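Encoded as structure tokens, the structure appears first; notes follow it.
The values are calculated or read from the model by the stated rules, or taken from the named source; none is laboratory data. As the structure is a prediction and not an experimental result, all values here were calculated from the model. Here the Cβ positions follow ideal geometry from the backbone for every residue, glycine too, while neighbour counts run over all protein chains shown. With ligands, DNA and RNA removed, areas are computed over all heavy atoms of the protein, side chains included. Shrake-Rupley method; radii C 1.70, N 1.55, O 1.52, S 1.80 Å.
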Amino acid sequence: MFKEIRSCQKNMNLLSKKEVIRRYEQGVSLNALSQEFHVALSTLYHWRKEYCSIQTVSHTYTPKEFDMLIRRLQKAEHELAIIRQTGYLSRMPLQEKLAALERLYNQPENSFSVHELCEALDVARGTFYNHIFRRADRTKYEREQEDLMQKVQQIFDDSGQRFGAEKIRVTLAAGGIRVSTRRITAIMQELDLHSVRPEAKKDFKKRQQVRKQNLLKRDFFAAHPNQVWVSDITYFRVNGYWLYFCAILDLCSRRVVSFRISRNASTNLVTSTFRKAYQDRGQPKNLTFHSDRGAQYTSGAFTALLQKCGVRQSFSASGRPHDNAVAESFFASFKKEEAYRREYTSEQSFRKSVERYVAFYNTSRPHQTLNYQTPQAFEAACTGSL
């Protein structure tokens, strides 16, 4: 009987709280409600946060519904981050992207705007509009282009994949088809055809470099600083655009030895981050650099820089983020402990936030792997023992 009375009182309390919030939403001030119901203002502020509906342009949410929406948004952001980090979209030919967008655009039940479609696959809206709305003007050209592409492919294959654009042009001219070398070059790029070139040896060495085995093999231990560095890139959306955050950590102390932020996930982002770390750490010898197989890390410019500095390069296996767990863990901590807790109003505010967190991470945050020492303290102890 006593439990039933307590349950009834609890339900009555909940109903009275919601009635107070309903009155507040109708325009009654919190001060007036505090005097009427003899409830402290601090309590009313708490009730408002817990029960007050959240109004947007198109919908009214309960706090529970809004929290669920936030979780779904975070999940979608993580899935998008995974897709972008694979590099699949950047390797997808433009014509395939346009064809996929056209299919979605023409579906009767399509609810996506052109802006949303193009942003999803990183296609310029002007390019998409040109593809969709000028098809009638391009039909004859497209038929000619398709026929020419087949001929270029055939000549390329007949040459044992040796001919470049100029030799293919000469072969076509001998058959009465006159087109420019520039047009053939564009077709070869679209078909992903690569002839034998003077830099073939250089490309071979680059491929061999990329195919190097994972030198760490998930053994995330280094006996001393500047023995192994690990690196990765993450990104965060601020005011409608992406900011890319590259970091390099010392595997021994887990210390962030260098970081850079850029609006572009370019090779320059990685090379500049490495150069700063390499100079700041006294140009270490016998260094191993580990990362995933992102295009920035496998680029010719970056591999050449590492070779020039005498640095061995190690790669995670494709699709195996745990092979680079230390860098992944750092970015996960940064997002949970810093980025997801802030409202960034500008690129500058994001940069300052990253700078503060890296300083905190290095000097004040105890690390479980280091027996709850900070990276800076652990590294100082290691250096003092050498």
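So the values come out like this:
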item	result
With eigenvalues of the C-alpha gyration tensor scaled by 5 and rooted, the stretch 342-386, Å	29, 11, 5
Debye intensity ratio I(q)/I(0), log10, the stretch 294-386, q values 0.12, 0.13 Å⁻¹ (C-alpha model)	-0.60, -0.71
Distance violations [Cα-Cα > 19 Å] among LYS97/LYS335; LYS276/LYS308; LYS18/LYS75	LYS97/LYS335; LYS18/LYS75
Shape of the stretch 221-372, Cα gyration tensor, a/c cut at 1.5	oblate
Per residue solvent-accessible surface (Å²) - the stretch 245-320, probe of 1.4 Å	40 Å²
GluC sites (Glu not before Pro) lying in DSSP loop within the stretch 250-355, provided at most 13 other Cβ fall within 10 Å	GLU343
Extended-chain gain in nm, criterion 0.36 nm per residue less alpha-carbon gap, MET92 and GLN376	98.0 nm
Stretch gain in nm, segment LEU41-ALA174, where the contour uses 0.36 nm per residue and the Cα spacing is subtracted	38.9 nm
Charge dipole magnitude, Cβ of K and R +1, D and E -1 - the stretch 247-337, Cα centre, debye nearest 20	200 debye
The stretch 331-386, accessible surface, carbon-and-sulfur percent (1.4 angstrom probe)	49 percent
Nonlocal amide H pairs with GLN313, under 5 Å, H built at 1.01 Å	PHE289
For the stretch 298-343, Kirkwood radius (reciprocal of mean inverse C-alpha pair distance, Å)	13.0 Å
Two-site FRET efficiency, VAL28 against GLU65, from Cβ-Cβ distance with R₀ of 25 Å, rounded to 0.05	0.55
FRET efficiency for VAL114 and ALA317, using Cβ-Cβ distance with R0 set to 45 Å, rounded to 0.05	0.75
Between the stretch 350-382 and the stretch 71-123, the alpha-carbon center distance in angstrom	37 Å
